[in-house]
Amino acid sequence: MSPITVLAVDDNIVVRAGLVTLLETSDDIRVIGEAGDGVQAVEQTRKLRPDVVLLDVRMPVRDGVSTIEELASLTKVVMLTHTEAPEVVQTALLRGASGYLVHGHFTLDELTRALREVVHGNGNPLSPVAATALVSSLRSFPVPRGPVDPASLGLTPREAEVLAAIARGLSNAEIAAELFLSEKTVKNHINRIFRKLGVTSRAAAIARWNGHTAPGSG
């Protein structure tokens, strides 16, 4: 199996160097490029086509959050940052980040597992502090009236079942078991749902399902 390729994006060269050193201890992960700001991140992603971008939030020239939608249209994005503000966590996930990890709140094993989960479509990893921040931000989110009519989103009945399961927090494996499908079939359904809704993350899909318009989803 080919190694997971990573682009490390952080304006602090010491942080980048440490991250590269850590990741390259894993046999199945390879850092193929680095960038120091959002502009470089987009350029390098288009050039190198990594499987996943590890993206900082606060950077010069162009910050991480403003690049998420563009990067997420090209590959998977996992935020890797010191920033744990609730509104930043929520915005990052709604704009298409597949995970949010906060420095000092994960181990090397947890980081490499998160990369594998994201690349293989098996989860959306969050550091505990990021999960807490997300819950906090959602408390001020408009209360939905309930799931929208699936037909209004252009979803088939089966796709609606899958999206409802995602909204309940189920993983791909759990959805497969509940709906008597293979995980590959579940992934195919999720990819079609994302295309129909014009989103790139589960958080954004759930927002649409609950009647909200996620940033960047039209």
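Each value in this text was obtained by applying a stated rule to the coordinates, not by laboratory testing. Bear in mind the structure is a predicted one, so any value in this text is a computation, not a measurement. Here Cβ is always computed from backbone atoms with ideal geometry, including for glycine, and neighbour counts include all displayed protein chains.
Estimated from the Cβ-Cβ distance and a Förster radius of 35 angstrom, the FRET efficiency linking residue 32 and residue 168 is about 0.45.
For a Förster distance of 30 Å, can you work out the FRET efficiency between the beta-carbons of residue 151 and residue 182, rounded to the nearest 0.05? Mind showing how you got there, number by number?
On the way: r = 26 Å, r/R0 = 0.87.
The formula returns an efficiency of 0.70 here.
Structural descriptor for the range 150-209: relative contact order 37 percent, calculated from alpha carbon pairs under 8 angstrom and at least 6 residues apart.
Using the 2.2 N^0.38 Å rule of thumb for compact globular proteins, work out how the range 150-209 stacks up: its C-alpha Rg over that value, please.
Values: Rg = 10.3 Å, N = 60, 2.2 N^0.38 = 10.4 Å.
That ratio works out to 0.98.
Under 24 Å Cα to Cα from residue 196, which lysines show up? Leave out anything in the same chain fewer than 8 places away. Reachable lysines: 76, 184, 187.
Let me have the 222 nm mean residue ellipticity of the chain computed from DSSP H runs of 4+ only, each contributing -39500 (n - 2.57), with the sum over all residues rounded to the nearest 500. Could the numbers behind the result be given before it?
Numbers: 10 runs with 101 residues, N = 218.
Computed ellipticity for the chain at 222 nm equals -13500 deg cm²/dmol.
Can you tell me the dipole magnitude for the range 150-209 around its Cα centre, using point charges on the Cβ only (Lys, Arg +1; Asp, Glu -1), in Debye to the nearest 20? Before the final figure, lay out each step's value.
Details: 9 positive and 5 negative charges, 54 e Å.
Approximately 260 debye in magnitude.
Placing unit charges on the Cβ atoms of the charged side chains and taking the dipole of the chain about its Cα centre, the candidate lying farthest along the positive direction among 152, 103, 169 is 152.
Ordering 197, 19, 93 by Cα displacement along the dipole of the chain toward the positive end leaves 197 in first place; charges were set at the Cβ atoms of Lys, Arg (+1) and Asp, Glu (-1). Applying 1/(1 + (r/R0)^6) with r as the Cβ-Cβ distance of residue 46 and residue 66 and R0 = 22 angstrom yields a FRET efficiency of 0.85. Charge dipole (Cα centre; +1 on Lys/Arg Cβ, -1 on Asp/Glu Cβ; no other charges) of the chain amounts to roughly 720 debye. Here's how it looks for residue 127: its modeled amide H is under 5 Å from those of 100, 101, 102, which are all 5 or more places away or on a different chain.
Would you mind ranking 194, 106 so that the residue whose beta carbon has the fewest other beta carbons within 10 Å leads the list? Please list the in-between numbers first.
Details: 194 17, 106 20.
Ascending Cβ contact count within 10 Å gives the list 194, 106.
Taking a quarter of the surface of the Cα convex hull of the chain, what do you get in nm²?
Numbers: hull surface 47.0 nm².
Seen from a random direction, the Cα hull of the chain projects 11.8 nm² on average.
The mean sequence separation of alpha-carbon pairs under 8 Å and at least six residues apart, normalised by the residue count of the chain, gives a relative contact order of 16 percent. Compactness of the range 1-117, taken as the C-alpha radius of gyration over 2.2 N^0.38 Å, stands at 0.94.
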